[in-house]
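Below you'll find the structure, written out as structure tokens, and then a few comments.
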């Protein structure tokens, strides 16, 4: 019984440490636009410039998802998000996303009205 208790305690501590290693602003970006996305920028809200492209040399293909991870962001919860389409370099952006409460952003494109929208879960 004591061995079972220690194993359970060890597992709980290991999981707790893993959870602490993940920044609370981390989120999953889901591409449901019908197009590939070549660039993704995430910057603290109201900044005058965008941070670096978080995809680097990668592309977020249609119907794919990418975990966006943060480091050393402190208590910043409000972020702006910008995506750039590979096909024509057009872009869409959203402001003041509370990434302390949002863990998934799904992006969709509507061909009828030529708009990109996002849902925040």
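The values are calculated or read from the model by the stated rules, or taken from the named source; none is laboratory data. Keep in mind the model is a prediction, meaning the values are calculated, not measured. No Cβ is skipped: glycine too gets one built from the backbone with ideal geometry, and neighbour counts run over all protein chains shown.
General observations
- Only residues that are assigned to a strand (DSSP E or B) and buried (at least 17 other Cβ atoms within 10 Å of the Cβ) were counted in segment 44-63, giving 1.
- Among the residues listed as 66, 95, the single one being surrounded by 15 or more Cβ atoms within 10 Å (Cβ to Cβ) and either over 11 Å from the mean Cα position of the chain (by Cα) or modelled with pLDDT of 95 or more (or both): 66
- Here residue 100 clears all of (1) assigned to a strand (DSSP E or B); (2) touching a residue at least 60 places away in the same chain (Cβ under 8 Å) except the condition numbered (1).
- Residue-level check: of (1) at pLDDT below 95; (2) surrounded by 16 or more Cβ atoms within 10 Å (Cβ to Cβ); (3) under 29 Å from residue 111 (Cα atoms), residue 25 misses just (3).
- Residues located in segment 69-92, provided they are buried (at least 16 other Cβ atoms within 10 Å of the Cβ) and part of a strand (DSSP E or B): 79, 80, 81, 82, 83, 84, 85, 92
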